[in-house]
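The numbers here are math on the coordinates, done by the rules we state, and not lab data. Because the structure is predicted, anything quoted here is derived from the model rather than measured. Note that each Cβ is placed from the backbone with ideal geometry, even for glycine, and that neighbours are counted across all protein chains shown.
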2 protein chains.
Amino acid sequence: MHIGEAATATGMTTKTLRFYEGRGLLPAPRRAGNGYREYGSDAIARLDFIRRSRIAGLTLTQIGEILRVRDAGQAPCTHVRDLLARQLADLDQQVSELLALRSDVAALHNVVAAADPVSCDPGQICSFL
Amino acid sequence: MHIGEAATATGMTTKTLRFYEGRGLLPAPRRAGNGYREYGSDAIARLDFIRRSRIAGLTLTQIGEILRVRDAGQAPCTHVRDLLARQLADLDQQVSELLALRSDVAALHNVVAAADPVSCDPGQICSFL
DNA sequence: CTGCACCTTCCCCTATAGTGGAAGGTCAAG
DNA sequence: CTTGACCTTCCACTATAGGGGAAGGTGCAG
């Protein structure tokens, strides 16, 4: 299987596959006589795993950690569990920060929307921000 | 006022001030005889405005838009209002995406946490992701 | 006169996840 | 034999908001 087929099969681009290889997420595949990369079904499975993990919001670095644990012969279950727990805590943190920001922006927007543009003082940049 | 004092006064670094100047957020200040930048209180006010806008979650590009409207002599009120409305919509979008992701990750985490690591199939990378 | 703190410009680096394009090699079809 | 679709490597660039540090000039104190 050439890189183009592997890319199509996983819904990625050839660029992305080479990029993952450079990042150490994908092992360097064996090469055909002409230098072309040759992928097997294991590479496809690995790419699918990466894609699913990305959809789950994991970074490439985190995915790499899981893969290294797995490549070392261990079941990455506990590692995955901890990673997901951390990810969950991060998400909660992000959501609460975003909601706080949203609340501030909403308050600001209400004030600005209720204001009369004529009342703006030309001497300052903006009386609301 | 030299750049270092202006930086201290606004809680920024000299790097940031030169960076803002390069980005067009801060007009090029007049120079002293030795080439040093000389800032006045108007620059400080502008930097404070930038800082407050950043805290409100606006990007430097958005802040630049407001400043250009203001510099053109117009009151940026309606522009600021529209910008904040867009910002609000963006934030809502981000929050809902983040919550959807959080829900997926939480479900995944529950499954993994309840699982027995021994039951992991060494033939695949991870049975959960 | 020397040191130190401050200033100048310049270029590269950070992190994220790739994308774009150049220059060149390969393979199958017409 | 040429065309087009692939493939290779390598380098640069995207967006965001600056940070690090070099090489050199300036200003004031001891």
Between 0 and 90 degrees, rounded to the nearest ten: what's the tilt of helix A:41-55 against the longest Cα principal axis of chain A?
10 degrees
Helix B:77-114 axis, angle to chain B major axis (alpha carbon atoms, nearest 10°)
20 degrees
What nm distances, shortest first, do you get from the label point of residue A:34 to those in the other copies when the point sits 7 angstrom along Cα to Cβ?
6.7
Can you tell me which of B:64, B:40, B:24 moves the most in a GNM of chain B? Springs connect C-alpha atoms under 10 Å apart.
B:40
Run the dipole for chain B about the Cα centre, Lys and Arg Cβ at +1, Asp and Glu Cβ at -1, nothing else charged, and hand back the magnitude in debye, nearest 20.
840 debye
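What does the average come to when, for each residue of peptide A:95-104, you count the partner chain Cβ atoms lying within 10 Å of its Cβ?
Details: counts 6, 0, 1, 7, 4, 1, 8, 8, 1, 4.
Mean number of neighbouring Cβ atoms from other chains: 4.
Given a cut-off of under 8 Å on Cα pairs at least six residues apart, what relative contact order in percent is computed for chain B? Mind showing how you got there, number by number?
On the way: 64 pairs, mean separation 19.6, N = 129.
Over chain B, the number comes to 15 percent.
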Running a GNM on chain A with Cα contacts under 10 Å, which residue among A:88, A:67, A:98 ends up with the highest mean-square fluctuation?
A:98
How much mean residue ellipticity at 222 nm does chain B get from its helices, if each DSSP H run of length 4 or more adds -39500 (n - 2.57) and you divide by all residues, to the nearest 500 deg cm²/dmol?
-21500 deg cm²/dmol
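Beyond 17 Å, what share of the Cα-Cα pairs of chain B remains, rounded to the nearest whole percent?
Working: 5723 of 8256 pairs.
So the portion of pairs separated by more than 17 Å is 69 percent.
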Cβ-vector label at 7 Å, residue A:60, separations to other copies in nm:
2.4
GNM top mover of B:115, B:45, B:28 - chain B, alpha-carbon springs below 10 Å
B:115
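Roughly how many debye, to the nearest 20, is the charge dipole of the protein assembly as shown about its Cα centre, given +1 on each Lys and Arg Cβ, -1 on each Asp and Glu Cβ, and no other charges? List each step's numbers first, then the result.
Working: 30 positive and 28 negative charges, 177 e Å.
That gives the protein assembly as shown a dipole magnitude of about 840 debye.
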Find every distance from the label point of residue A:114 to the corresponding label point in the other copies (7 Å from Cα along Cα→Cβ) and write them in nm, one decimal, shortest first.
4.9
